[in-house]
Amino acid sequence: MGPIYQALVDIAGEECVSNRPEELYIYSFDLGTADPCRPDYVASPRTTEHIQDILRLANKENIPVVPLGGGLSLAGLAVPLKGGILLDLKRMDSIIEVNEKARYAVVECGVSQGQLTAYLERNHPHLTHSEPGAPPSATIVGNVVIHGQGDLAQPYGFNSDLVNGLEVVLPTGELCHFGSIAIGAGWFTNHPLPDIGLFLGWCGTTGIITKVSIRLFPAKKIRGVGTFVVEDEELIPEIIYRLTHKQMAEDIIAFSSAIPPFASGLQTITVNIAADSEKELAFKQEILWDDTLGEYIVRGDGGVSRFC
């Protein structure tokens, strides 16, 4: 099988390493249009120590390494363009901690969005995280390293803005901690320590994130979604400004589509809001719909589908 294959087996175990053509093929492409490129080996580590040892091996032998989370990229981000070792991180799927008082969760790099959502609903139903509009199998870390958005993007920013701390393995195999965990025992904040942007947005090219602490938020009891449609695209920036200025929406999405034909030429804005009572929901609907968008409706510039 060769010395590199055997070294990987010695590190992660035979059941976690493969160089079989049929399995390499599966890892050679993503859901986008990038040309397929096969890795030479696939390893699915179970621990941070496994990742450290694999990167030390790769660094010594000058072998490319590509980390893979949920495998849902549409841009070839996890396609092994130069072969080498592809690290499938899905086995590292432990939810390490949920701190209710400080409202954060610490998870390993293979934990999926759906996994954390289900865990919070079962064990901490009054807490939620900023879940992106992606399949449940998308990973928390994968979303963070591409500066992905979530359902709470409008008031809080990208999900990478919600990071309290990181554990990262550098290409040399060295283990680093960033955030409060670097100088203490808690994962509660990234401040006032140096920024961790060296690893966020780099898609695993500067280091492999093995653990992340992300902020959690109160889970509201009631949710509503409304849709507003206009023809004049020049009005979109103004409308979004006015909606965001109220600071009541959890998320605002603007889009247009040529398909189906009846939607061609229309600009659509969906607004997500959440509340703890029907009274609070009605109040937010009135402010956003009647007070903020009412003048566009009166002028005939836009049409509205009420919240549901």
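The values are calculated or read from the model by the stated rules, or taken from the named source; none is laboratory data. None of these values were measured; they are calculated from a predicted model. Methodologically, a virtual Cβ is constructed for each residue, glycine included, from the backbone with ideal geometry; neighbour enumeration extends over all protein chains shown. SASA here: full protein model, heavy atoms, side chains in, ligands and nucleic acids out. Shrake-Rupley method; radii C 1.70, N 1.55, O 1.52, S 1.80 Å.
Does V145 satisfy being open to solvent by less than 60 Å² (accessible area, probe 1.4 Å), over 25 Å from E23 (Cα atoms) and touching a residue at least 40 places away in the same chain (Cβ under 8 Å)? For V145, the condition - open to solvent by less than 60 Å² (accessible area, probe 1.4 Å), over 25 Å from E23 (Cα atoms) and touching a residue at least 40 places away in the same chain (Cβ under 8 Å) - is met. The number of residues in region 41-63 that are of a type outside the set (S, T, Y), part of a helix (DSSP H, G or I) and open to solvent by less than 40 Å² (accessible area, probe 1.4 Å) comes to 7.
I'd like the full set of residues that are polar (S, T, N, Q), more than 30 Å from G294 (Cβ to Cβ) and surrounded by 15 or more Cβ atoms within 10 Å (Cβ to Cβ), limited to region 195-236.
Passing the criteria: T206, T210, S213.
With respect to the conditions (1) at pLDDT below 95; (2) in a strand (DSSP E or B); (3) touching a helix residue (DSSP H, G or I) at 6+ places or on another chain (Cβ under 6 Å), C203 lacks only one, and its number is (2).
For (1) more than 26 Å from T244 (Cα to Cα); (2) open to solvent by less than 50 Å² (accessible area, probe 1.4 Å); (3) of a type outside the set (D, E, K, R); (4) over 12 Å from the mean Cα position of the chain (by Cα), each residue gets a yes or a no:
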| residue | (1), (2), (3), (4) |
| --- | --- |
| A78 | yes, yes, yes, yes |
| K82 | yes, no, no, yes |
| K101 | yes, no, no, yes |
| Q115 | yes, no, yes, yes |
| E121 | yes, no, no, yes |
| S130 | no, yes, yes, no |
| Q149 | no, no, yes, no |
| D161 | no, no, no, no |
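Only a single item in (1) assigned to a loop (DSSP other than H, G, I, E, B); (2) under 30 Å from V79 (Cβ atoms); (3) touching a strand residue (DSSP E or B) at 6+ places or on another chain (Cβ under 7 Å) is not met by I214, and it is number (1). R38: basic (K, R), crowded, with 16+ Cβ neighbours inside 10 Å and at pLDDT 95 or above, yes or no? So R38 fits the description; yes.
Checked across region 181-194, the condition of being without any contact (Cβ under 8 Å) to a residue 60 or more places away in the chain and open to solvent by less than 10 Å² (accessible area, probe 1.4 Å) holds for no residue. Counting only residues that are of a type in the set (F, W, Y) and in a strand (DSSP E or B), region 175-200 holds 1 of them. The single condition among (1) in contact with a helix residue (DSSP H, G or I) (Cβ under 8 Å, 6 or more places away or on another chain); (2) surrounded by fewer than 22 Cβ atoms within 10 Å (Cβ to Cβ) that C109 does not meet is (2).
Residues in region 237-291 that are among the polar types (S, T, N, Q) and closer than 22 Å to G157 by Cα were compared, and the one that is most open to solvent (accessible area, probe 1.4 Å) is Q247. Number of residues in region 198-232 that are in contact (Cβ under 8 Å) with a residue 60 or more places away in the chain and under 21 Å from H147 (Cα atoms) equals 12. Within region 233-251, the set of residues being under 22 Å from R299 (Cα atoms) and either assigned to a loop (DSSP other than H, G, I, E, B) or without any contact (Cβ under 8 Å) to a residue 12 or more places away in the chain (or both) comprises E234, P237, E238, Y241, H245, K246. When D30, D88 are checked against the criterion of being touching a Ser or Thr at 6+ places or on another chain (Cβ under 6 Å) and closer than 28 Å to D251 by Cβ, a single residue qualifies: D30. Here the condition is being touching a strand residue (DSSP E or B) at 6+ places or on another chain (Cβ under 6 Å), of a type in the set (A, V, I, L, M), in a strand (DSSP E or B) and in contact (Cβ under 8 Å) with a residue 40 or more places away in the chain; of A254, A274, it holds for A274 alone.
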